[in-house]
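Here's the structure we're looking at; comments come further down.
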Amino acid sequence: MERVTGVNIVPHFCRIEDKPLDFYNDFNIIALGLDSVEARSYINAVACSFLEYDENDNPKEETIKPMVDGGTEGFKGHARVIIPGKTPCFECTIWLFPPQVKFPLCTLAETPRTAAHCIEYAHLIKWDEVHGGKAFDPDDPDQMQWVYKEAVKRAELFGIPGVTYSLTQGVVKNIIPAIASTNAIISAACALETLKIVSGCSKTLSNYLTYNGVEGLHTKVTEFVKDKDCLVCGPGVLIELDTSCTLQKFIEQLEEHPKLHLSKASVTHEGKNLYMQAPPVLEEMTRSNLLLSLFELMGKVPSGTVHATGTSTKNDKKTSGSRKLRVAFKGVNGMTDMDTAGGA
Amino acid sequence: MAEPKIKYDRHFGQAALEKASVCLLNCGPTGSETIKNLVLGGIGSITVVDGSKVEVGDLGNNFMVDETSLGESKAKCVCAFLQELNDAVKAKFIEEFPEKLIESSPSFFSQFTLVIATQLVEEKMIKIDKICREANVKLVFARSYGLTGLVRVSVKEHPVIESKPDHFLDDLRLNNPWPELKRFVESIDINVSDPVAHKHIPYVVILVKMAEEWAQSHSGTLPLTREEKKAFKDLLRSRMSGFDEDNYKEAVDASFKLFAPRGISLNLMRILNDTCAEIDSNSTDFWVMVAACCNEFVAQEGAGEVPLEGSIPDMTSSTEHYVNLQKVYQSKAEADFLAMEKHVQSLLKNIGRDPSSISKMTIKSFCKNARKLTVCRYQMIEEEFNSPNLSELQKYLTDEEYSMAVGFYILLRAVDRFAANYNCFPGQFDGEMDEDISRLKTLAVSLLSDLGCNGSILTEDLINEICRFGASELHAVATFIGGIASQEVIKLITKQFIPMTGTFVFNGIDHKSQLLLL
Ligand SMILES: [Zn+2]
């Protein structure tokens, strides 16, 4: 604000999950400077949860919340533009993100959780503490042994299983540092795309830019396609219910649903909290709804959209996620009308 | 949390960066953003050359000036900002227009390791290029222009030892094992009956042993044809004693490493046969090592191979086998290094230099990376401008993937001709847009026909677009261009990673940017 007059910057120091959905809905565009697949998945689900479809399954323009995402690893990076409902969302192309290998230093120093964290602690922090100044040589078996032993000690201290010599090798050799120039390039691409979306001064990136500066310089634009069955940016998973189904039963169904596997779900309808798992105050306030029928809670409409936020488990991995669900009540008139009755 | 950062920096050729002295010409957004990344990266000293004063327009696209700087020297303000970012950097500024300095004191530039020339027009680019080439100063051009821009490196020769490519075949010598590796392999019984021991034999051992077995029944040759390779893999599978033997699965997957050709790759052969490898007292350390490697080592100890890299990939194995195997590779690499060191020393003596003038560290790094050596050479800007590679140019003009980038490239040259003729850039002043468009078109068409190409290939849309840019320097574009330029500067100074060859043309419209090799 000091450097550029007329701009208003409001910092929020909190977890992205701590903000209510409305907070994100107030912006025209969301630019992502996130460092993990989980965080991207979360914001993506939030932005897509605002998206509504008309009766012909076309996205309603006014509900589209564009996102601009970027990320770097060493000399490589990507920038992308996500127009929910029109271009693939983060979840449509989740396969682009293989499991991550780098860890924040604070995790290593304070809250190790996995064997790899213990190894990186020994390699990045302990090594310099003890050998101050001497460069670590990953090809020296004695030095690797030293890191391995320190990692084992650390793992024992924290009761973490799984540190092996071979894993030590794998983790240590895969460290990818952040590089100022790559960050500059990717952030510039993201800023430019954001500006273009806001101003309409030029067409936007369609839709995924990859950049690699290791050998010479390579940039490539790929036009990925939307997954029409995407659970996150699609029209939503259709769930048919009896009018007598209670909110509690509904929440239990989400956990067993083959496409969702959403456990401990909080449920909102048109911005109203039907049931919240946390914080305790809200949980207590909404607990009584659990025994009421969802049909009643939704104002006895034949069908409508609810948002469920919870923990989804995929391949033994837990991620917090928000899902859009199209609920239709059996035997109620107008059931074929998928208008969300929202937008009020 | 400072230690890990220092560690990474050291890996990155920090010493070279700290020793480097870089000169920046023009500190508009493109120049400022380029130098900022170098200052953050720990460059030794910078000299900012700019003769302009900060105006209101600068506040909208340059983070390194603010309202309090209005009317002051831009070089001074940017320099002060950069100093704030990193007080270890020696930051100097010269309040002078680079264009003037190029004309009046060409010798000024010889003090620098590298010059970053931003926002120069064609005529000045050619001049600074000659000055730097003569003084053996590395040069990087960067220019932002509306939604386009370019980055171009100009150095006579840039040899890279630590090229650090992403994907490179491991140096395992499976098809050419040396005696110690053979002995190690023989010391392990691959038919061991204990199932735990059986599934912890490293695949290197399995492959070397099975290759030997194959060769014995195939008159001394390794699998060559597709059928033979398949048969070899089937042979491997037949030796698995269970379904879950990861080491055998790895052996099957890694068998291509056994089938790879022995000896020296074509790329490397080209470097070893380069005329520069015929060394004399003026030869650089790099070429002395190349000569020691190809004339001496490969012919003698190497028996047709360059020094061994010495590292092995991770593989399923007992810790004991793995550590011992690592030691076998390490000690061979060490022996190769010692042999190379002797050759380097005697060659240095032959050409009248101090035999220990190339450090052990450098020779070691050379040995470790011998298979990955790269030499980049760049033609002079003037050559490229006057007589570009016509067939490439034609190809780019008609290739849909390249046509927009090459269009920008041509038009960026045309706007410089425009500026030379009319004292302003096309579209810079509102009322004259239509006239500017037709003038620019004429200039672009004549430029193309001067080069021997059909000028009608440029689209009206692109010409209009360039005029619409009105020579503006957008901050986001400047940051992108500056990011690329700074990255190339770091590669050139640290001599790590491979710098780009050709001219990078940025396309901020759909991001289909391209490297043009003209
Ligand atoms: Zn999707």
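Annotations
- Those residues of segment B:303-345 which are farther than 18 Å from A:SER166 by Cα, free of Cβ contacts under 8 Å to residues at least 12 places away in the same chain and not hydrophobic (A, V, I, L, M, F, W, C), in sequence order: B:LYS342, B:GLN345
- Each residue in segment B:237-295 was checked for being out of contact with any helix residue (DSSP H, G or I) (no Cβ under 6 Å at 6 or more places or on another chain) and among the β-branched types (Val, Ile, Thr), and 4 pass.
- Look at (1) outside any loop (DSSP other than H, G, I, E, B); (2) hydrophobic (A, V, I, L, M, F, W, C); (3) within 11 Å of another protein chain (Cβ to nearest Cβ); (4) under 23 Å from the mean Cα position of the chain (by Cα) and you find that B:LEU492 fails only one, number (3).
- Restricting segment A:151-185 to residues that are more than 8 Å from chain B (Cβ to nearest Cβ) and surrounded by 22 or more Cβ atoms within 10 Å (Cβ to Cβ), the residue that is farthest from B:LEU172 (Cα to Cα): A:ARG154
- Just one of (1) within 16 Å of the ligand (Cβ to nearest atom); (2) under 27 Å from A:GLY74 (Cβ atoms) fails for A:CYS233. It is (2).
- Candidate set from segment B:273-313 (those that are surrounded by fewer than 18 Cβ atoms within 10 Å (Cβ to Cβ) and of a type in the set (A, V, I, L, M)); member that is modelled with the highest pLDDT: B:ALA299
- Only one of the listed residues (A:THR63, A:THR93, A:THR114) is away from every other protein chain (no Cβ under 14 Å), within 16 Å of the ligand (Cβ to nearest atom), surrounded by 15 or more Cβ atoms within 10 Å (Cβ to Cβ) and over 27 Å from A:ALA184 (Cα atoms). That residue is A:THR63.
- Enumeration of residues in segment A:80-93 that are under 16 Å from the mean Cα position of the chain (by Cα) and not acidic (Asp, Glu): A:ARG80, A:VAL81, A:ILE82, A:ILE83, A:PRO84, A:PRO88, A:CYS89, A:PHE90, A:CYS92, A:THR93
- Wholly enclosed strands (runs of 3 or more DSSP E) of segment A:199-276 bearing at least 2 residues in contact (Cβ under 8 Å) with a residue 24 or more places away in the chain and under 19 Å from A:VAL81 (Cα atoms): A:208-212
- Residue that is surrounded by the fewest Cβ atoms within 10 Å (Cβ to Cβ), among those in segment B:467-502 that are among the hydroxyl-bearing types (Ser, Thr, Tyr) and at pLDDT 95 or above: B:THR479
- In segment B:309-333, of all residues being under 18 Å from B:PHE297 (Cα atoms) and not in a helix (DSSP H, G or I), the one that is nearest to the other protein chains (Cβ to nearest Cβ) corresponds to B:GLY310.
- Matching option when the condition is more than 14 Å from chain B (Cβ to nearest Cβ), under 25 Å from A:LYS65 (Cα atoms), away from the ligand (no atom under 16 Å from the Cβ) and at pLDDT 90 or above, among A:LEU241, A:LEU274: A:LEU274
- Residue within segment B:168-176 that is within 18 Å of B:TYR378 (Cα to Cα), within 21 Å of the chain's Cα centre (by Cα) and not in a helix (DSSP H, G or I) present: no
- Verdict on B:LEU38 being within 30 Å of A:TRP127 (Cβ to Cβ), in a helix (DSSP H, G or I) and in contact with a Gly (Cβ under 8 Å, 6 or more places away or on another chain): no
- Flag for B:THR442 being within 14 Å of chain A (Cβ to nearest Cβ), among the hydroxyl-bearing types (Ser, Thr, Tyr) and either under 24 Å from B:ASP166 (Cα atoms) or not in a loop (DSSP other than H, G, I, E, B) (or both): no
The values are calculated or read from the model by the stated rules, or taken from the named source; none is laboratory data. Only a predicted model underlies this, so the values are computations on that prediction, with no experimental measurement involved. Note that we place each Cβ from the backbone using ideal geometry, even for glycine, and neighbour counts take in every protein chain shown.
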